[in-house]
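This report refers to the structure that appears directly beneath it.
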Amino acid sequence: MPRSPLPAGRPPTSRPRPGSTAAARPPRRRLRPWAPVVAFLVVSVTAAAMDLVPWWLVAVYGVMSVVCFAAYASDKRSARADRRRVPERTLLDLGLLCGWPGAIVAQQLLRHKTVKQSFRSSFWRTVVVNILLVALLVSPIGRTAIENLREVVSTGAGLLRSTHPVLGCRLAARWGSIGRWTSLLPHPSPPCSPAP
């Protein structure tokens, strides 16, 4: 016997029929999209607690995640109001600049940018690139490269100090404050003595 059409004004439902097997199944929880954020949070906090990565790096991820979430929220609001949108390139760049955990949270909570496959694949590429760059930065190879860069700058500051004392001391002091702040760099030598 053919099914009777639905009464006018009543939308079709996707509820399972009472006797079907789908009615007995509990609803599936969607943990998979949140898994990278949870894993990253656990790994980064653990690594910072073990002094494998500096705490400021975890803070940068937190701040950039909030900024990225706000950009996604603004884009969603603009899309609904049919106003000028946040460019996809900006959203991808924010994700690349340590904001990808916030982007994933925004995508799931706001249900935004979850369908367009070209954006999704570009987004996940930026996540992989970001993780690889940060892993390189905090690895022994990255730390050695930063120390070598510091030596080059210090040598340049020493040469500059001998030819132009004030500018050389300013450069050495500026680089030293960056080195103390990041904790990735070795502590600098004492700053120049003030000119008489």
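Computed from the coordinates by the stated procedures, all read-outs in this text should not be read as laboratory data. The structure displayed is predicted, hence computed values, not measured ones. Glycine gets a Cβ as well: all are built from the backbone with ideal geometry, and neighbour counts include every protein chain shown.
Eigenvalues of the Cα gyration tensor times 5, then square-rooted: what semi-axes does that give for the stretch 41-128, in whole angstrom, largest first?
That gives 27, 13, 10 Å for the three semi-axes.
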Problem - Cα Rg over Rh - the stretch 91-140, Kirkwood - result: 1.04
Problem - Positive minus negative residues near R77 (Lys, Arg vs Asp, Glu; Cβ under 10 Å) - result: +3
